[in-house]
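Below: one structure, written as structure tokens.
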Amino acid sequence: MPAFSENERDLRNYFTHPTREYFGVYYNEQPVGIVGGENIDSTWGKLEMKKLVGEPGLQGKGIGKRAAFGFLYHTFMIRNLNKVYIQSRNITCAISI
């Protein structure tokens, strides 16, 4: 995932774009990352999921996994989409229901 802009206005524009939906990831009531979808296509019922736990000391604790599960629940059960694409380093996969 490329680095985000450090400009607050650019970040706000990026995260509020209508084809994106992001949520904060919290651990012990502190923000530690983001999880969300890009290229949301309600017509075809699909999106591309991205997640990031930015604190290196918190990686490997299952925080991102729980955030991903919550986002997938939101995507399939609340938004009623039916396909999620996930990119992880050199691997791309699709999850469908």
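Points to keep in mind about this one:
- Residue within segment 4-13 that is surrounded by 15 or more Cβ atoms within 10 Å (Cβ to Cβ) and over 16 Å from residue 72 (Cβ atoms) present: no
Table: residues versus (1) at pLDDT below 90; (2) in contact with a helix residue (DSSP H, G or I) (Cβ under 7 Å, 6 or more places away or on another chain).
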{"position": "37", "(1), (2)": "no, yes"}
{"position": "43", "(1), (2)": "no, no"}
{"position": "46", "(1), (2)": "no, no"}
{"position": "56", "(1), (2)": "yes, no"}
{"position": "60", "(1), (2)": "yes, no"}
{"position": "65", "(1), (2)": "no, no"}
{"position": "85", "(1), (2)": "no, no"}
{"position": "90", "(1), (2)": "yes, no"}
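- Of the residues making up segment 1-18, none is of a type in the set (Lys, Arg) and under 17 Å from residue 70 (Cβ atoms).
The values are calculated or read from the model by the stated rules, or taken from the named source; none is laboratory data. Everything numeric here is computed off the predicted structure, so don't read it as measured data. For neighbour counting, all protein chains shown are included, and Cβ atoms are generated from backbone atoms with ideal geometry for every residue, glycine included.
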